[in-house]
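What follows is a set of notes on a single structure, which appears directly below.
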Amino acid sequence: MCADMQPYNSVEKKGFKHLLSVLCPSFKPPSRKYYSDHKIPQLYEDVKNCIKEKLKGVSYLGLTTDCWTSGNGHPFIGLTAHIINEEWEFENFCLACTSLNIDHNSFNIKNSIKQILYDWDIDESKIAGITTDCGSNILKAVELMSFNNHVPCFGHVLNTGVTNSFSLLPVKFVCPFNNARFILEL
């Protein structure tokens, strides 16, 4: 279910039940409720504890965060931790991708990030830097958390620059092949 992103009810489908009856006639798979209420939550806790141990063992870590609204108007926040492990390998861990059902002001974003860090037992003194977009609310939230190193997300900055350039009139373009000049009125 987890590896293949299959729904819980896969274990109750006719084809799956038939496959199992052929492969192992004496095996009766647990219900979807068993997976949703017991197996998957236990797996989540096991993985979370493993990640917590890795994060406790590092001297420093970096964070990236973003807030967005889905196409149907539902707000979210994501927070990812980045480390270099003892073997000098880069690892990252999604700490949260969750609903943000509050006003997206800097105070609420700061509190959401602090709560996620608390849930993962992350000592804020280990945070070497944070990468975000350049929204005024997230910039103020980072300032309120007193993180020393803020790095603007290159993708967000590039997108903003390109988007803003299309609002400039006229947009001038020099053809690289014959040095012809074009003025585009957009």
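The values are calculated or read from the model by the stated rules, or taken from the named source; none is laboratory data. Bear in mind the structure is a predicted one, so any value in this text is a computation, not a measurement. So basically every Cβ, Gly included, is an ideal-geometry build from the backbone, and we count neighbours across all protein chains shown. Each accessible area value is taken on the protein alone, full model and side chains, heavy atoms only, with ligands, DNA and RNA left out. Shrake-Rupley method; radii C 1.70, N 1.55, O 1.52, S 1.80 Å.
Condition check ((1) open to solvent by 40 Å² or more (accessible area, probe 1.4 Å); (2) at pLDDT below 95; (3) under 30 Å from His156 (Cβ atoms)) across all residues:
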{"position": "Gln6", "(1), (2), (3)": "yes, yes, no"}
{"position": "Ser10", "(1), (2), (3)": "no, yes, no"}
{"position": "Lys13", "(1), (2), (3)": "yes, yes, no"}
{"position": "His18", "(1), (2), (3)": "yes, yes, no"}
{"position": "Lys33", "(1), (2), (3)": "yes, yes, no"}
{"position": "Ser70", "(1), (2), (3)": "no, yes, yes"}
Q) So which of Ser59, Ser26 ends up being under 30 Å from Ile109 (Cα atoms) and polar (S, T, N, Q)? A) Ser59
Q: Answer yes if at least one residue in segment 104-120 is among the polar types (S, T, N, Q), assigned to a loop (DSSP other than H, G, I, E, B) and at pLDDT below 95, and no otherwise.
A: yes
Q: Could you list all residues from segment 83-125 that are acidic (Asp, Glu) and at positive phi?
A: Asp121
(Q) Let me confirm something: among Ile102, Ile83, which residue is open to solvent by less than 30 Å² (accessible area, probe 1.4 Å) and β-branched (Val, Ile, Thr)? (A) Ile83
Q.
Within segment 37-51, does at least one residue satisfy the condition of being part of a strand (DSSP E or B) and of a type outside the set (D, E, K, R)?
A. no
(Q) Could you tell me how many of the residues in segment 121-148 are surrounded by fewer than 15 Cβ atoms within 10 Å (Cβ to Cβ), part of a loop (DSSP other than H, G, I, E, B) and at pLDDT 90 or above? (A) 2
Q | Some residue of segment 52-60 being open to solvent by 20 Å² or more (accessible area, probe 1.4 Å) and touching a Leu at 6+ places or on another chain (Cβ under 9 Å) | A | no
Q. Among (1) touching a strand residue (DSSP E or B) at 6+ places or on another chain (Cβ under 8 Å); (2) polar (S, T, N, Q); (3) free of Cβ contacts under 8 Å to residues at least 24 places away in the same chain, which single condition is Ser26 missing?
A. (1)
Q: Hey, can you tell me all the residues within segment 53-74 that are more than 13 Å from the chain's Cα centre (by Cα), in a strand (DSSP E or B) and not aliphatic (A, V, I, L, M)?
A: Gly62, Thr69
